[in-house]
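What follows draws every value from the coordinates through simple rules; no lab data is involved. The structure presented is a predicted model; accordingly, all values stated were derived computationally and were not measured. Cβ coordinates were reconstructed from backbone atoms using ideal geometry, including for glycine residues, and neighbour counts include every protein chain displayed.
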Amino acid sequence: MRNEIRRKHYSKNTEKAYVYWVRQYIFFHQKKHPKDLNKEHIEQFLTHLATHKRTSGTTQAQALNALVFLYRQVLKLDVGDLNYLRNVRRFKNIPTVLGKDEVVRLFRKMEGSTKLMACLLYGAGLRVNECVTLRVQDIDFSHKTITVRNAKGKQARVILIPKRLLKPLEQHLLQRRRLHIDDLNSGAGHVELPNALARKYKNASIRFEWQYLFPSNTLRKDFSTNVIKRWHCSTSTLQKAIRKAVHSIQLNKRVTCHTLRHSFATHLLEGGTDIRTIQELMGHKDVRTTMIYTHVLKNNMRSVTSPLDLL
């Protein structure tokens, strides 16, 4: 199953989720092989998730997608029509958005590279995975743009660098270059390359432009090649820094890295940017995904006076 997922170039997160649900499905049916199970067994598993595990409709849909992939793409078996299992009501949530004053207070409590990353999430609308996997060559100071290559859906996009981040990014790149030189002098300096580029370009893994913009603090040995590499910063590093800052300013909201991305889109919409431009900046495939921020804004509701205030 992993081979089939990687052959189709699905994301690592999708691979992790699909393999997890297939394992759960097999264990639920006392480790029977999936080829010996049928549509009724899939329905039993999904019912178990809904009634005993109390999972959300979105989680049930993900589990069903994993099982459909298993049967159709891996085992090449026809289990019949499963569309009736997709008719699950999903909770349509409205994303949490920070006010501009709350963003300022949050950033005041952050420092170093984690602050720079958080500023990119809010200032450029990056996803956390897109941010931590940026490479040096993705930053173009001549055009003041960032090229996001590790985007969701395998679709690269170009976004503008906020003017306030130009100098901090330049200073960060100087520090990054010094770190890379130190790595090279110590016999390291290699980085993981996408696909088969390491075979195609022999020296690309030690070139500065291929290095991760936000590197890990530690070097790790790649046991498949016996080469010491510096990977990118972990997403948990940024997540922990944001949680710590939120706690210190006593913000009574559930704030994550993605909250800054939601705030970016909402504040753009509030400033008069059209919805299509925001869709391109966010990298949304469908404009209906971007339309959720119109529900957050609700300008027409702000002019409504409660009858309680009229008493």
### Message
Given contacts defined as C-alpha pairs under 8 Å and at least six residues apart, what's the relative contact order of segment 64-158, whole-number percent?
### Response
11 percent
### Query
Dipole size in debye (nearest 20) for the chain around its Cα centre, Lys and Arg Cβ +1, Asp and Glu Cβ -1?
520 debye
### Query
Where in segment 223-262 does the amide nitrogen come within less than 19 Å of the point 7 Å from the Cα of ARG149, taken along Cα to Cβ?
229-234
#### Entry: Overall form of the chain per C-alpha gyration tensor (a/c, 1.5; a/b vs b/c)
oblate
### Task
Express in nm, to one decimal, how much length is gained between LYS244 and THR294 on full extension, taking 0.36 nm for each residue of separation and deducting their alpha carbon distance.
15.0 nm
### Query
In whole percent, what relative contact order does the chain give with Cα contacts below 8 Å and a gap of six or more residues?
18 percent
#### Entry: Calculated [θ] (222 nm, deg cm²/dmol) that DSSP helices of n ≥ 4 give over the chain, each run adding -39,500 (n - 2.57)
-14000 deg cm²/dmol
### Message
Give the aspartates and glutamates reachable from LYS244 as a straight Cα distance under 16 Å; neighbours fewer than 8 places away on the same chain don't count.
### Response
GLU102, GLU111
#### Entry: Which listed pairs, of LYS100/LYS240; LYS109/LYS163; LYS229/LYS285; LYS31/LYS154, have C-alpha distances above 27 Å, in listed order
LYS229/LYS285; LYS31/LYS154
### Query
Which of THR290, PHE27, LEU85 sits farthest toward the positive end of the charge dipole of the chain, with +1 on the Cβ of Lys and Arg and -1 on the Cβ of Asp and Glu?
PHE27
